[in-house]
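Notes follow once the structure below has been shown.
The values are calculated or read from the model by the stated rules, or taken from the named source; none is laboratory data. From a predicted model like this one, the values you see are computed outputs, not experimental measurements. Quick reminder, even Gly has a Cβ in these numbers, built from the backbone with ideal geometry, and neighbours come from all protein chains shown.
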Amino acid sequence: MCACGIVLYMVAKKELTEPKTLQEAVVYFSDEDRCFEYAKRLRWPDGNVVCPRCGVSKNSFVKTRKLWFCYACKRQFTIKVKTIMEDSPIRLDKWMTAFWLLANAKNGISSHELGRALGVTQTTAWFMLQRIREVMKKHRADTTKIGGGGSEIEADETFVGGVTKNMHKNRRLKVEGFGPYKNKTLVQGILDRNLRKVRARVVPNVSRETLQNEILKNVKYGSTVYTDNAVAYESGLQRRFVHDVVNKTEAYVRGRVHVNGMENFWSLLKRSLRGTYVAVEPFHLSRYVDEQVFRFNHRKEGNHKLTDADRFSAVMSDVLNRRLTYAALTGKSDSPHHPPTGTGQTAQA
């Protein structure tokens with residue numbers, strides 16, 4: 001029997017194991033029942049289905065509609081309620097394919113490409129991708145500090161934005177004369193060399209207070225912090241950290257002193273922005289940064305190299321209690337017809 005025949009036979013018998021590649025994922029999640037059971041196991045690992053609204057486990061399952069009726073609050077709920085997919089008419093198989101693609105595409109995937117792959121409109125695909133990025137921003141809510149005695153930390157910043165010479169004449173005239181970074185958005189990153197984990201976020205300016213406060217909030221006292229010779233890092237860090245500086249105009253590396261780890265992350269981020277997404281509004285930039293941070297931090301876990309399936313499971317496991325409405329995403333939350341909901345306040349640059 002050929003390989004294709006074996007796959008079709010296994011699908012018919014429903015004996016496929018959990019997917020490890022994109023091809024296996026498409027086949028695995030093409031079965032509606034298997035897709036539903038997979039999502040159910042992720043949400044309720046112990047098999048005890050709990051109402052997401054009232055927290056009571058007294059309910060009955062309506063098999064024909066794949067939903068539950070809660071006897072406590074007298075309301076129905078589906079597998080999507082209280083997740084990032086809530087109120088979405090898109091089927092689970094398409095959602096899971098989108099999760100898999102974004103979690104594992106090193107340079108990202110455009111909404112046009114995803115729309116063609118899933119058979120949905122570009123606008124729908126864009127909204128799906130933004131909601132998945134909302135799930136990927138977990139690192140920004142992490143208040144645990146990295147580093148510590150003996151740990152080496154790199155801190156650096158970069159400017160993201162279009163090149164002035166490539167702009168339309170009317171737009172170029174608006175920014176010329178205001179310096180090379182007038183039309184740029186600033187992103188700061190902090191890398192723990194020992195853990196090989198990075199934290200990055202959009203910041204409003206390059207002032208000493210802004211950049212140093214990010215380091216103070218994320219790095220334990222006593223860590224060794226390496227930066228470039230930017231004015232914002234010149235004084236203040238020595239009181240709490242072992243601080244050393246590399247002057248990039250003279251050399252990029254001086255022994256252990258360098259920020260090449262962060263430069264590597266910036267190259268990955270800008271490659272996806274320039275090559276895949278092409279044009280990203282500053283209003284949405286923070287989500288694209290979160291996407292790249294997620295993939296960077298899920299390459300290895302200790303000495304174990306993470307697989308595509310590991311990354312998929314990691315992002316799918318965080319869909320609970322996340323919400324992003326289209327009104328919040330597009331900045332229309334102030335409208336009387338679109339009251340503020342969910343976590344739209346994070347869509348800022």
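Below, the figures for the structure above:
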| quantity | calculated |
| --- | --- |
| Criterion: of a type in the set (A, V, I, L, M, F, W, C), on the phi < 0 side of the Ramachandran plot and touching a strand residue (DSSP E or B) at 6+ places or on another chain (Cβ under 9 Å) - qualifying residue of Phe159, Phe127 | Phe159 |
| Checklist (1) surrounded by fewer than 18 Cβ atoms within 10 Å (Cβ to Cβ); (2) out of contact with any helix residue (DSSP H, G or I) (no Cβ under 7 Å at 6 or more places or on another chain) applied to Gly236, failing item | (2) |
| Single match in Thr249, Thr210 (criterion: of a type in the set (Val, Ile, Thr), farther than 18 Å from Lys184 by Cα and not in a strand (DSSP E or B)) | Thr249 |
| Those helices (runs of 4 or more DSSP H) lying entirely in the stretch 68-178 with at least 1 residues surrounded by 19 or more Cβ atoms within 10 Å (Cβ to Cβ) and either in contact (Cβ under 8 Å) with a residue 12 or more places away in the chain or small (Gly, Ala, Ser) (or both) | 92-104, 111-118, 122-136 |
| Output for the stretch 240-258, where each listed residue is farther than 10 Å from Asp228 by Cα, basic (Lys, Arg) and without any contact (Cβ under 8 Å) to a residue 24 or more places away in the chain | Arg254 |
| In the stretch 185-209, residue modelled with the highest pLDDT [restricted to those that are surrounded by 15 or more Cβ atoms within 10 Å (Cβ to Cβ) and more than 23 Å from the chain's Cα centre (by Cα)] | Arg208 |
| Test: residue in the stretch 81-90 that is farther than 21 Å from Asp31 by Cβ and among the polar types (S, T, N, Q) | no |
| Hits in the stretch 188-219 - residues which are among the hydrophobic types (A, V, I, L, M, F, W, C) and either out of contact with any Phe, Trp or Tyr (no Cβ under 8 Å at 6 or more places or on another chain) or not assigned by TED's automatic domain parsing to the domain that holds Met262 (or both) | Ile190, Leu195, Val202, Val203, Val206, Leu216 |
| Check on Ser286, polar (S, T, N, Q), surrounded by 20 or more Cβ atoms within 10 Å (Cβ to Cβ) and in contact with a Gly (Cβ under 7 Å, 6 or more places away or on another chain) | no |
| Residue match in the stretch 204-213 (condition: touching a residue at least 24 places away in the same chain (Cβ under 8 Å), under 30 Å from Leu306 (Cβ atoms) and out of contact with any Pro (no Cβ under 6 Å at 6 or more places or on another chain)) | no |
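Residues checked against (1) touching a Phe, Trp or Tyr at 6+ places or on another chain (Cβ under 7 Å); (2) modelled with pLDDT under 90; (3) assigned to a strand (DSSP E or B); (4) not basic (Lys, Arg):
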| position | (1), (2), (3), (4) |
| --- | --- |
| Leu273 | yes, no, no, yes |
| Ala279 | no, yes, no, yes |
| Val289 | no, no, no, yes |
| Arg311 | no, no, no, no |
